[in-house]
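Participant: To start, I am sharing the structure in question, which I have written as structure tokens.
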Amino acid sequence: MKKGHKLIYQKPKTMTDKRMHYCPGCFHSTIHKLLMEVVEEMDIQEKTVGVCPVGCSVFAYDYMDVDMQEAAHGRAAAVATGIKRMLPNRYVFSYQGDGDLAAIGTAETLHACNRGENFTFIFINNGIYGMTGGQMAPTTLEGQKTSTSPYGRDPAKIGLPLKMAEIVSQFERVAYVERVSCDTAAHARKAKKALRNAFEYQGKKLGTTFIEVASNCPSGWKMTPDESLKWLEEKVFPYYPLKVFKKPEKKEV
Amino acid sequence: MPAKGTVEFDIERCKGCNLCVTSCPTDCLALNTSDTNSYGLHYAYLKEEDDCIACMNCAVICPDAAITVYRKQDPSKERRNHG
Amino acid sequence: MGELRLMKGNEALGEAAIRAGLQGYFGYPITPQSEVIEYLAQQEPKHDYVLIQAESELAAVNMMYGAGGAGARVLTTTSSPGFSLMQEGISYIACAEIPCLFCNVVRGGPGLGTIQPSQSDYFQSTKGGGHGDYHTIVLAPNSVQEMVDFVYLGFELADKYRIPVTMLSDGAIGQMMEKVELPDPVEYKPKKPWATTGKTKDRERNILTSLYIQSEDMEKKNQKLQKKYKKIKQNEVRFEEYHTEDAEIIIVSFGLTSRVSRKSVDIGREKGMKVGLFRPQTLWPFPWEKLGEYTEKDKVKFFISIEMNAGQMLEDVRLAVCGKKPVHFYGRMGGIVPNPDEIYEHIKKVKE
């Protein structure tokens, strides 16, 4: 406490005290924080179960003070399905990167969405495989250089970047899809609101909720954190616009 | 301008990413270029104490939840509930 | 004398594959072998091979099946969790008799495990990680030079017997840098009349399948495979012996551990212990017969299998020894590499 002052913002209690291993400026950390703020504000720590992926956020369970399961690479949607079907009154989320959700896990992702599984996807899309050293991802931009696209992503060889939010919003039983980012405080606040919405809709059993975060990877992109924000604004957002793709009817909410 | 609030940094959690400095509307934050934390990183600090307006932008954007924000309580003025 | 270079294991693997006439590489990043695909991506503009970073190892192995079946010289590299995903594909490839080269840069497991080196995929590779009665030839290099040599050998054996070949590297060999002599590039123009390249008027159509609904047909196919495996067992066993001629204690060790064990032999010999090292270079076919010959020597007191696992090659050593002499074991798990002193101390204890 501070004399003569009112505390208005601090690290949520639903985060552990462990210092996060993510690179400086990485939105993984930001989303971990915003997600745990939502869990704290909704007072659902005891009712939340998360599934973490293989990728930089493989140790998410070290930072989020909720029950979590480690899934094999790409299988988080299937694991989350298992958990939510058994525990329908828990708030279940899968937390995945672009390799996990949009490469190896595409089948699991699409089928969970098609079935309308009532959990929340949190999809961290930073166009690169950070953990394994900076290889190309299904969401790497055209012309973007990575360690396996050293001359720039060539659509003629490997296709164009996948737009997952756009794809999953076509499923009938997917209730809410929004793409957000954390490059400005305003965007970060919106991202938190989107996560909150997703959990509220999950609570009302409206169907699958899917939040895609247009995220950064300063290390993989070989930029400073500030430069990575510029890349997002100039190169990423034009291809991956921040918007609500689908949301429940007013009467359902 | 007298400060409307103040911020505190968890120096060890801070990674010196500079996003708080960039997001501050009054430019009152900076990285301490003459000191580092135990990880060798230049942590952020409140450079211009009088300029903090307690907008919370820094704390919201801080990836590492390293920032705590306080609003000054002025008993003489009518308090608005910001919630 | 070929070209000499100081190279990292994973990159040497890539370079060797290119020189051996690689036509297709299909893989997925996984530590500790992502350098292979990165190296091949860097070199791609200078060569003709197809390179695809597939969406998963499951997709990659099936791309291997397709490309290999179309007659190409194909390679994939992965690590243990990814290799598990490939097992279904390998079973299909083995039955359809498609030449393919796999390299598993083994890491500690089970599950997601660790990124440190291990030898805990021995069972998976030699006893068949996939379903059915099949085998792949399993090669176990213990140096960067052997990685390079076995790439050439692996591709040749794959073509010669129309069989998938597995190379078992590990996280340490993949990452270490050593001097290598790179062989001259090969001009690869094979004749593969069985490949699905388009039925020309002069032949019947080629079908690559593993489906034999009638049991009699399935049995015939299996008999054909078994005949092939018998031939491989007779002709393709490879091993290395170090100080075994007068040895009383025979260490059996492969891959990285064999290098450490070799040093333990030196330590033992210095202290007057008559210890030797038998190093299988093919894990399948395992040198059962040759190792078994040591049981005929009266002076041999016991065998000891030294591995980075809970005791896998141990079972093949026991099979070779067939109860005629004691067989002991020393192993570390979880990605920990034993050091020569610790091995020597353990052998000393067993001796007493």
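Participant: Are there any pairs, at least 6 apart or on different chains, whose C-beta atoms fall under 7 Å, with the first in the range C:130-141 and farther than 14 Å from C:Arg279 by Cα and the second of a type in the set (A, V, I, L, M, F, W, C) and part of a loop (DSSP other than H, G, I, E, B), and if so, which?
Facilitator: Listed by first residue and then by second, the contacts come to C:Thr136/C:Ile163; C:Ile137/C:Ile163.
Participant: Any idea which of A:Ala175, A:Ala198, A:Ala188 is part of a helix (DSSP H, G or I) and closer than 18 Å to A:Cys113 by Cα?
Facilitator: Details: A:Ala175 fails: part of a helix (DSSP H, G or I); A:Ala188 fails: closer than 18 Å to A:Cys113 by Cα.
The conditions single out A:Ala198.
Participant: Go through the range B:40-60 and give me each residue that's within 7 Å of chain A (Cβ to nearest Cβ), aliphatic (A, V, I, L, M) and over 15 Å from B:Asp10 (Cβ atoms).
Facilitator: B:Ala54, B:Met56, B:Val60, listed by residue number.
The rows are residues; the columns are (1) more than 22 Å from the chain's Cα centre (by Cα); (2) more than 13 Å from C:Leu182 (Cα to Cα).
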residue	(1), (2)
C:Gly2	yes, no
C:Ala16	no, no
C:Arg19	no, no
C:Gly24	no, yes
C:Tyr39	no, yes
C:Pro45	yes, yes
C:Ser56	no, yes
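Participant: Can you work out which of the residues in the range B:7-18 that are buried (at least 19 other Cβ atoms within 10 Å of the Cβ) and within 11 Å of the chain's Cα centre (by Cα) is farthest from the other protein chains (Cβ to nearest Cβ)?
Facilitator: Among residues in the range B:7-18 that are buried (at least 19 other Cβ atoms within 10 Å of the Cβ) and within 11 Å of the chain's Cα centre (by Cα), the one farthest from the other protein chains (Cβ to nearest Cβ) is B:Phe9.
Participant: Kindly list the number of the only condition in (1) in contact (Cβ under 8 Å) with a residue 24 or more places away in the chain; (2) small (Gly, Ala, Ser); (3) assigned to a strand (DSSP E or B) that fails for B:Ser38.
Facilitator: Condition not satisfied by B:Ser38: (3).
Participant: If I ask for residues that are surrounded by 18 or more Cβ atoms within 10 Å (Cβ to Cβ) and in a helix (DSSP H, G or I), which ones from the range C:273-296 would you list?
Facilitator: C:Leu291, C:Tyr294
Participant: From the list C:Val74, C:Val61, exactly one residue is out of contact with any Lys or Arg (no Cβ under 8 Å at 6 or more places or on another chain), β-branched (Val, Ile, Thr) and within 14 Å of chain A (Cβ to nearest Cβ). Which is it?
Facilitator: On the way: C:Val74 fails: within 14 Å of chain A (Cβ to nearest Cβ).
Selected residue: C:Val61, the only one of C:Val74, C:Val61 that is out of contact with any Lys or Arg (no Cβ under 8 Å at 6 or more places or on another chain), β-branched (Val, Ile, Thr) and within 14 Å of chain A (Cβ to nearest Cβ).
Participant: Taking helices (runs of 4 or more DSSP H) that do not extend beyond the range C:117-205, which have at least 3 residues that are under 20 Å from C:Phe254 (Cα atoms) and hydrophobic (A, V, I, L, M, F, W, C)?
Facilitator: On the way: elements: C:122-126, C:144-161, C:171-175.
Per the criteria, C:144-161.
Participant: Could we say that A:Gln135 is more than 24 Å from A:Ala175 (Cα to Cα) and touching a helix residue (DSSP H, G or I) at 6+ places or on another chain (Cβ under 7 Å) here?
Facilitator: For A:Gln135, the condition - more than 24 Å from A:Ala175 (Cα to Cα) and touching a helix residue (DSSP H, G or I) at 6+ places or on another chain (Cβ under 7 Å) - is met.
Participant: Does B:Thr6 fit the bill of being among the β-branched types (Val, Ile, Thr) and without any contact (Cβ under 8 Å) to a residue 24 or more places away in the chain?
Facilitator: no
Participant: Based on what the data block shows, is B:Arg71 modelled with pLDDT under 95 and either more than 30 Å from A:Ser57 (Cα to Cα) or part of a helix (DSSP H, G or I) (or both)?
Facilitator: no
Participant: Let me ask you something else. Inspect the range C:261-272 for any residue being in contact with a Leu (Cβ under 8 Å, 6 or more places away or on another chain), part of a loop (DSSP other than H, G, I, E, B) and of a type in the set (Val, Ile, Thr) and give the result as yes or no.
Facilitator: Scanning the range C:261-272 turns up no residue that is in contact with a Leu (Cβ under 8 Å, 6 or more places away or on another chain), part of a loop (DSSP other than H, G, I, E, B) and of a type in the set (Val, Ile, Thr).
Participant: Could you list, in sequence order, all residues of the range A:76-99 that are of a type outside the set (A, V, I, L, M, F, W, C), more than 14 Å from A:Phe199 (Cβ to Cβ) and over 15 Å from the mean Cα position of the chain (by Cα)?
Facilitator: A:Thr81, A:Gly82, A:Arg85, A:Pro88
Participant: Give the range A:99-116 a look and list any residue that's touching a helix residue (DSSP H, G or I) at 6+ places or on another chain (Cβ under 8 Å) and surrounded by 24 or more Cβ atoms within 10 Å (Cβ to Cβ), or say none. Give the derivation first.
Facilitator: Initial filter on the range A:99-116 (touching a helix residue (DSSP H, G or I) at 6+ places or on another chain (Cβ under 8 Å)): A:100-102, A:104-105, A:108-113, A:115.
Selection gives A:Asp100, A:Leu101, A:Ala102, A:Ile104, A:Gly105, A:Thr109, A:Ala112, A:Cys113.
Participant: Let me ask another. Go through A:Glu166, A:Glu108, A:Glu142 for me and flag whichever is within 11 Å of chain C (Cβ to nearest Cβ) and modelled with pLDDT of 95 or more.
Facilitator: A:Glu108 is the lone residue from the list that is within 11 Å of chain C (Cβ to nearest Cβ) and modelled with pLDDT of 95 or more.
Participant: I need a count of the residues in the range A:18-38 that are more than 9 Å from chain B (Cβ to nearest Cβ) and part of a loop (DSSP other than H, G, I, E, B).
Facilitator: Count: 2.
Participant: Something else: Can you tell me which residue is nearest to the other protein chains (Cβ to nearest Cβ) among those in the range C:3-49 that are closer than 20 Å to C:Met86 by Cα and in a strand (DSSP E or B)?
Facilitator: C:Gly27
Participant: Moving on. Which of the numbered conditions does C:Glu97 fail, given that it passes all the others? Conditions: (1) within 20 Å of the chain's Cα centre (by Cα); (2) at the interface with chain A (Cβ under 9 Å from one of its Cβ atoms).
Facilitator: (2)
Participant: Between residues in the range A:63-87 that are closer than 18 Å to A:Asn114 by Cβ and residues that are among the basic types (Lys, Arg) and in a helix (DSSP H, G or I), which pairs lie under 9 Å by C-beta distance while being six or more apart or on different chains?
Facilitator: Pairs found: A:Thr81/A:Arg115.
Participant: To continue, here is another question. For residues that are in contact with a His (Cβ under 6 Å, 6 or more places away or on another chain) and either among the aromatic types (Phe, Trp, Tyr) or at pLDDT below 95 (or both), tally how many sit in the range A:89-105.
Facilitator: 0
Participant: Checking the condition among the charged types (D, E, K, R) and not assigned by TED's automatic domain parsing to the domain that holds C:Leu291, which residue from C:Lys221, C:Lys263, C:Lys271 passes?
Facilitator: On the way: C:Lys263 fails: not assigned by TED's automatic domain parsing to the domain that holds C:Leu291; C:Lys271 fails: not assigned by TED's automatic domain parsing to the domain that holds C:Leu291.
Checking each option against the conditions leaves just C:Lys221.
Participant: Let me ask something else about it. Is it the case, given these coordinates, that C:Leu75 is modelled with pLDDT of 95 or more, within 30 Å of A:Ala71 (Cβ to Cβ) and not assigned by TED's automatic domain parsing to the domain that holds C:Gly334?
Facilitator: yes
Participant: Next question, about the same structure. Only residues that are crowded, with 20+ Cβ neighbours inside 10 Å and on the phi > 0 side of the Ramachandran plot: list them for the range C:310-352, please.
Facilitator: Within the range C:310-352, just C:Gly335 meets the criteria.
The values are calculated or read from the model by the stated rules, or taken from the named source; none is laboratory data. Every value quoted in this text rests on a predicted model; they were computed, and no experiment measured them. With ideal geometry, Cβ positions are generated from the backbone for all residues, glycine too; neighbour counts draw on all protein chains shown.
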